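First up is the structure itself, then whatever we jot down about it.
The values are calculated or read from the model by the stated rules, or taken from the named source; none is laboratory data. As the structure is a computational prediction, the values presented were derived from the model and not from experiment. Cβ placement follows ideal geometry from the backbone for every residue including glycine, while neighbour counts extend to all protein chains displayed. Side chains included, ligands, DNA and RNA excluded: accessible areas come from the protein's heavy atoms. Shrake-Rupley method; radii C 1.70, N 1.55, O 1.52, S 1.80 Å.
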Amino acid sequence: MGTISTSIRFDEDLLKRGKEEADFEGISFNALITGLLAERLQDIEDYHDAVESIKGSKNKPTISKEEMMQRYG
């Protein structure tokens with residue numbers, strides 16, 4: 001998969017903080033944003049997978065949030 005150039009508007013303070021963090025990490029601002037977006041998308045996908053698992057199926061009954069917290073919380 002190739003790369004595509006795009007533009008994003010940032011609040012000045014957010015841009016400054018992002019560039020400072022990228023400098024601190026020793027990476028480009030682009031690498032910081034790309035990495036953060038990839039991590040966030042993975043978190044969202046994991047969440048959706050968890051929701052689907054919780055919903056259950058005909059072979060797997062569902063449990064309530066309270067029961068899940070008692071078991072795993």
Residue check, residue 8 against (1) surrounded by 11 or more Cβ atoms within 10 Å (Cβ to Cβ); (2) β-branched (Val, Ile, Thr); (3) part of a loop (DSSP other than H, G, I, E, B), all met but one. Which one?
-> (1)
Could you please give the count of residues in the stretch 35-48 that are open to solvent by 80 Å² or more (accessible area, probe 1.4 Å) and not basic (Lys, Arg)?
-> 9
Residues of the stretch 17-31 being aliphatic (A, V, I, L, M) and loosely packed, with under 13 Cβ neighbours inside 10 Å, in sequence order, are 31
